[in-house]
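Chemist: The structure that follows is given in the form of structure tokens.
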Amino acid sequence: MNQQTLTDFPSYESPPVIEVVCGIRFKEIIGFLAPHIGLLWQKFQPDYNEFSEHPNLVTPIETCGGQQNIEFRVDDKPPLPRVWFVHSKGNAVIQFQRDLFIYNWRKNSSLEEYPRFSVVFAHFLEHLEAFTKFISDNNLGELEPTQFELTYINHIPKGDGWESTADVGKVFKDFSWNNCSSRFLPHPDVFQWRDSFNFPNDSGRLNTLIRKAKRTRDGEEVLLFELGAKGIPINKLESTSLQNWFNQAHEWIVKGFSDLTCDQIQKDIWLRKE
């Protein structure tokens, strides 16, 4: 797939995206031990000056035919935690565990603008290159990718096109709640919708999640809209294949977002550019 220009994609002046996650999953680096974590952190300092530990993420490996496989540990080494290296500005996180490397951009305040995919992806590639060099310099082998991952998380606050779950059809064009007076049940307080869409040539899948949630920082009700692409190209070790896969994943996420949401909220709230 060729690099596409921004004019090929829907664009918004005020998109609801609050987090973008670029990741690569690979065969477990058995030789990576606890002392390596401190050495790796040094590679990203002083910019990433905060450190925290978290449980490992177990991510299904997408396969053809709508199935998912889970990879399990087969060695007897004790597990290492997933570690976060947090940027001093708080709006970027590098995550690592023995079989996963992730770069997150996350929105810190309502005034912060989404820096666009090209910027986020460039940071991911820069940090992935540094991580790959660290693995090589410490004789830990080579990365053997098993899956690429790109996820966009959007928060649509109450008041931005909706006031209750009865209004979900004003945000997502494939949903509606029949609010006729003869109904016994009120509109649902909680709802959740998931679906998956296959990429061409079995190179991946777009998974979508829509649900009502509360924002952590202030408890405000939001519609959480997550679009996550996972997959792997045939020539997974070629740098151009990685670039092309992420370009395709970005296209499916952006156009999928536009395809699933209503034109009116795109124009009135997110200020879609014509």
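The values are calculated or read from the model by the stated rules, or taken from the named source; none is laboratory data. The structure presented is a predicted model; accordingly, all values stated were derived computationally and were not measured. When we count neighbours, we look across all protein chains shown, and the Cβ atoms used for this are built from the backbone with ideal geometry, even at glycine.
Chemist: Condition first: more than 24 Å from S109 (Cβ to Cβ) and not in a helix (DSSP H, G or I). Can you find one or more residues in the stretch 247-257 that meet it?
Modeler: Checking the stretch 247-257: not a single residue is more than 24 Å from S109 (Cβ to Cβ) and not in a helix (DSSP H, G or I).
Chemist: Report yes if some residue within the stretch 161-172 is farther than 30 Å from I37 by Cβ, acidic (D, E), assigned to a loop (DSSP other than H, G, I, E, B) and touching a residue at least 60 places away in the same chain (Cβ under 8 Å); otherwise report no.
Modeler: Looking for residues that are farther than 30 Å from I37 by Cβ, acidic (D, E), assigned to a loop (DSSP other than H, G, I, E, B) and touching a residue at least 60 places away in the same chain (Cβ under 8 Å), one finds none in the stretch 161-172, hence no.
Chemist: Which condition number in (1) touching a helix residue (DSSP H, G or I) at 6+ places or on another chain (Cβ under 8 Å); (2) of a type outside the set (V, I, T); (3) not in a strand (DSSP E or B) is the one that N244 fails?
Modeler: Unmet for N244, out of (1) touching a helix residue (DSSP H, G or I) at 6+ places or on another chain (Cβ under 8 Å); (2) of a type outside the set (V, I, T); (3) not in a strand (DSSP E or B): (1).
Chemist: Would you pick out the residues in the stretch 40-87 that are assigned to a helix (DSSP H, G or I) and modelled with pLDDT of 90 or more?
Modeler: L40, W41, Q42, K43
Chemist: Shifting gears a bit: Within the stretch 116-157, which residues are in a loop (DSSP other than H, G, I, E, B) and either in contact with a helix residue (DSSP H, G or I) (Cβ under 9 Å, 6 or more places away or on another chain) or at pLDDT 95 or above (or both)?
Modeler: Once the filter is applied, which keeps residues that are in a loop (DSSP other than H, G, I, E, B) and either in contact with a helix residue (DSSP H, G or I) (Cβ under 9 Å, 6 or more places away or on another chain) or at pLDDT 95 or above (or both), the stretch 116-157 yields R116, N138, N139, L140, G141, E142, L143.
Chemist: Out of the stretch 97-122, which residues are buried (at least 19 other Cβ atoms within 10 Å of the Cβ) and within 21 Å of W245 (Cβ to Cβ)?
Modeler: Of everything in the stretch 97-122, those that are buried (at least 19 other Cβ atoms within 10 Å of the Cβ) and within 21 Å of W245 (Cβ to Cβ) turn out to be D99, L100, F101, I102, Y103, N104, W105, F117, V120, F121.
Chemist: Output the qualifying pairs, or none if there are none: Cβ atoms under 6 angstrom, residues six or more apart or on different chains, first residue in the stretch 197-211 and modelled with pLDDT of 95 or more, second residue in a helix (DSSP H, G or I) and not β-branched (V, I, T).
Modeler: So the pair list comes out as L206/W252; L206/G256.
Chemist: Hey, another quick one. Which residues, counting only those in the stretch 19-39, are within 25 Å of K107 (Cα to Cα) and surrounded by fewer than 20 Cβ atoms within 10 Å (Cβ to Cβ)? Before you say what the answer is, go through the steps one by one.
Modeler: Filtering the stretch 19-39 for residues within 25 Å of K107 (Cα to Cα) gives 19-25.
Scanning the stretch 19-39 gives a single hit, E19.
Chemist: Another question, then. When the residues of the stretch 40-61 are narrowed to those that are touching a Ser or Thr at 6+ places or on another chain (Cβ under 9 Å) and over 17 Å from L128 (Cβ atoms), which ends up surrounded by the most Cβ atoms within 10 Å (Cβ to Cβ)?
Modeler: Out of the qualifying residues, it is I61.
Chemist: Here's a follow-up. Considering only residues of the stretch 107-135 that are under 20 Å from the mean Cα position of the chain (by Cα) and among the polar types (S, T, N, Q), which is nearest to C22 (Cα to Cα)?
Modeler: Ranking the qualifying residues of the stretch 107-135, first place goes to S118.
Chemist: Sort through L206, L223, L227 and tell me the only one that's part of a strand (DSSP E or B) and closer than 14 Å to E62 by Cβ.
Modeler: Within the list L206, L223, L227, the selection yields L206.
Chemist: Quick test of your reading of the structure: F175 fulfils all but one of (1) in contact with a Lys or Arg (Cβ under 6 Å, 6 or more places away or on another chain); (2) free of Cβ contacts under 8 Å to residues at least 40 places away in the same chain; (3) crowded, with 16+ Cβ neighbours inside 10 Å. Name the failing condition by number.
Modeler: (1)
Chemist: If only one of I234, I265, I253 is farther than 20 Å from I156 by Cα and in contact (Cβ under 8 Å) with a residue 12 or more places away in the chain, which one is it?
Modeler: Step by step, each of I234, I265, I253 is checked, and only I234 is farther than 20 Å from I156 by Cα and in contact (Cβ under 8 Å) with a residue 12 or more places away in the chain.
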